[in-house]
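Novice: Below: one structure in structure tokens.
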Amino acid sequence: MDDRTEFNRLYWHSRRGMLEIDVMLMPFTRNHYPDLAANDQEAYRRLLDCEDQDIWEWLRGFKLPDDQALAHIVLKVRQASGDLGVAQSQQ
């Protein structure tokens, strides 16, 4: 499978059952995923395998995943979507 096909598959997999998740994941995939380090790309792909309810709670900041790699990518998604609490806490 070529890179473009893989990216398209990942982009559509970023589309979830909740609009609130879609508006964070789809732009992140399109605008940030290609520039992520390989380990962050792998963590993002694992994030997409998680349940929507867990993703929702993580992206809203109610809690973070126990897995450090997933927690790191969740914070990157939140920051990219303009979550000011994340931007301030990482300064």
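Novice: Being of a type in the set (Val, Ile, Thr) and more than 10 Å from the chain's Cα centre (by Cα) is the filter here; which residues of segment 8-51 pass it?
Specialist: Val23
Novice: Scanning segment 41-91 for residues that are over 15 Å from Ile21 (Cα atoms) and buried (at least 17 other Cβ atoms within 10 Å of the Cβ), which turns out modelled with the lowest pLDDT?
Specialist: The selected residue is Val86.
Novice: Out of everything in segment 15-40 that is modelled with pLDDT under 95 and not in a helix (DSSP H, G or I), what residue ends up being surrounded by the fewest Cβ atoms within 10 Å (Cβ to Cβ)?
Specialist: So, considering only residues that are modelled with pLDDT under 95 and not in a helix (DSSP H, G or I), the one surrounded by the fewest Cβ atoms within 10 Å (Cβ to Cβ) is Gly17.
Novice: Going by what's in this entry, would Arg45 be described as of a type in the set (Lys, Arg) and either more than 21 Å from Asp3 (Cβ to Cβ) or not in a helix (DSSP H, G or I) (or both)?
Specialist: Working: of a type in the set (Lys, Arg): yes; either more than 21 Å from Asp3 (Cβ to Cβ) or not in a helix (DSSP H, G or I) (or both): no.
So Arg45 fails the test.
Novice: Here are Gly17, Gly61: which of them is at positive phi and of a type outside the set (D, E, K, R)?
Specialist: Gly61 is the lone residue from the list that is at positive phi and of a type outside the set (D, E, K, R).
Novice: If you scan segment 1-14, which residues turn out to be of a type outside the set (Asp, Glu) and in a loop (DSSP other than H, G, I, E, B)? Walk me through it before giving the result.
Specialist: Kept after step one, since they are of a type outside the set (Asp, Glu), are these residues of segment 1-14: 1, 4-5, 7-14.
Met1, Ser14 - these are the residues of segment 1-14 that are of a type outside the set (Asp, Glu) and in a loop (DSSP other than H, G, I, E, B).
The values are calculated or read from the model by the stated rules, or taken from the named source; none is laboratory data. Keep in mind it's a predicted model, so treat the numbers as computed, not measured. As a convention, Cβ positions derive from the backbone with ideal geometry for all residues, glycine included, and neighbour counts pool all protein chains shown.
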